[in-house]
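One structure is given below, represented as structure tokens, and several questions about it will come after.
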Amino acid sequence: LNALDLKALSTSAASLTPPIDEAIPLTLKMRNYSTTPIKGIDYTIRFTDTNNITIATAEGVDIEPGVIASIAIPVTITAKTTIKGEIVYTADQNQADNITAPITLSPLPQIKMGNGTQLIDNNVYNFFDEGGINFNYSDDHTLTLTIQPNAANKAVRVKFGMFKLETSYDDLKIYDGT
């Protein structure tokens, strides 16, 4: 252990394919390898892209010796971006371990459940209830959404990566028709 040493352990995101128009949390996980507590006002967290352009920053949190802590910052990513997390702590005696390995986020357009028709192209889409990625859906709704291609002689393919319904209360009906 050093007198003053924070180590960046990892950068993570709520989703590696977030919706283009909604904020998701980026999280930096770190550990205090010091023999003393480190005050949050003494360091900041920064997320940067591959050109070292800052995407988001936050003030640190107090961390006791040997403790692992995380700081999450909401960000909106609009294009494929590779991101790394960094601890900016000038008093750190081992600054070489203050940067995490990068992660790549590839945002996708999204479709939110609602009444009406959604025309789609050849893209892959995130499909969410009306609450989006960050919020729950509303109670007592009956919604009908027609998803159709934006060009003649094209098809729609639906693949669910995750699907959750409230048992005995919710249902999803999918029809293949014209």
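Starting from the Cα of Lys80, draw a straight line to each of the lysines and keep only those under 26 Å, dropping any in the same chain fewer than 8 residues away.
In chain and number order, the partners are Lys29, Lys112, Lys159.
Can you give me the orientation-averaged projected area of the convex hull built on the Cα atoms of the range 29-88, in nm²?
On the way: hull surface 16.8 nm².
The Cα convex hull of the range 29-88, projected and averaged over all directions, gives 4.2 nm².
Next question, about the same structure. Dimensions of the range 26-178 along principal axes (Cα, Å, largest first)?
67, 39, 19
Next question, about the same structure. If exposed trypsin sites (Lys or Arg not before Pro) are those in a DSSP loop with at most 13 other Cβ within 10 Å, what is the longest stretch of the chain that has none?
Details: sites that count: Lys39, Lys80, Lys154, Arg157, Lys159, Lys164, Lys173.
In the chain, the maximal stretch lacking such sites is 81-153.
So who's got an amide H within less than 5 Å of the one on Asp129, skipping anything under 5 residues away but keeping other chains? H placed 1.01 Å off N, in plane.
Sorted by chain and number, the residues that satisfy this are Met113.
Can I ask one more? For labels at Glu166 and Ser12 in the simple 7 Å Cα→Cβ model, what's the distance in nm?
Each label point is offset 7 Å from its Cα along the Cβ direction, giving 2.8 nm.
Another question about this same structure. In percent, what relative contact order does the chain have, based on Cα pairs under 8 Å that are 6 or more apart in sequence?
Details: 375 pairs, mean separation 37.7, N = 178.
Once divided by the residue count of the chain, the mean separation gives 21 percent.
Also, I was wondering about something else. Report the label-to-label distance for Val88 and Tyr175 in nanometres (one decimal), using points 7 Å from each Cα along the Cα→Cβ vector.
Label at Val88, label at Tyr175, 5.6 nm between them.
In addition: How much area per residue is accessible in the chain when the probe is 1.4 Å and only protein heavy atoms are counted (Å²)? Present the calculation step by step, with values, prior to reporting the outcome.
On the way: 11510 Å² over 178 residues.
In whole numbers, the chain has 65 Å² accessible per residue.
Test of understanding: in a Gaussian network model of the chain with alpha carbons linked when under 10 Å, which of Leu165, Leu28, Leu108 would top the mean-square fluctuation ranking?
Comparing Leu165, Leu28, Leu108 in a Gaussian network model of the chain, the most mobile one is Leu165.
Scan the range 74-178 for chymotrypsin sites (Phe, Trp or Tyr not before Pro) in coil per DSSP, keeping those whose Cβ has at most 11 other Cβ atoms within 10 Å, and list them by number. Walk me through the intermediate numbers first.
On the way: sites: Tyr89, Tyr125, Phe127, Phe128, Phe135, Tyr137, Phe160, Phe163, Tyr169, Tyr175; in loops: Tyr89, Tyr125, Phe135, Tyr137, Phe160, Phe163, Tyr169, Tyr175.
Loop-located and lightly packed - Phe135, Phe160, Phe163, Tyr169, Tyr175.
Still on this structure, please answer the following. Which of these, Asp140, Asp97, Asp42, has the largest mean-square fluctuation under a Gaussian network model of the chain (Cα springs below 10 Å)?
Maximum fluctuation in the GNM of the chain, among the listed residues, is at Asp140.
Could you look at the range 27-178 and say what percent of its accessible area is carbon and sulfur, using a 1.4 Å probe and all protein chains? Please report the intermediate quantities before stating the final value.
Working: 4970 of 10370 Å².
Carbon with sulfur: 48 percent of the solvent-accessible area.
The values are calculated or read from the model by the stated rules, or taken from the named source; none is laboratory data. What you see is a predicted model; the values in this text were computed from it and never measured. We place every Cβ from the backbone using ideal geometry, glycine too, and count neighbours over all the protein chains shown. All accessible areas refer to the heavy atoms of the entire protein, side chains included, with ligands and DNA or RNA removed. Shrake-Rupley method; radii C 1.70, N 1.55, O 1.52, S 1.80 Å.
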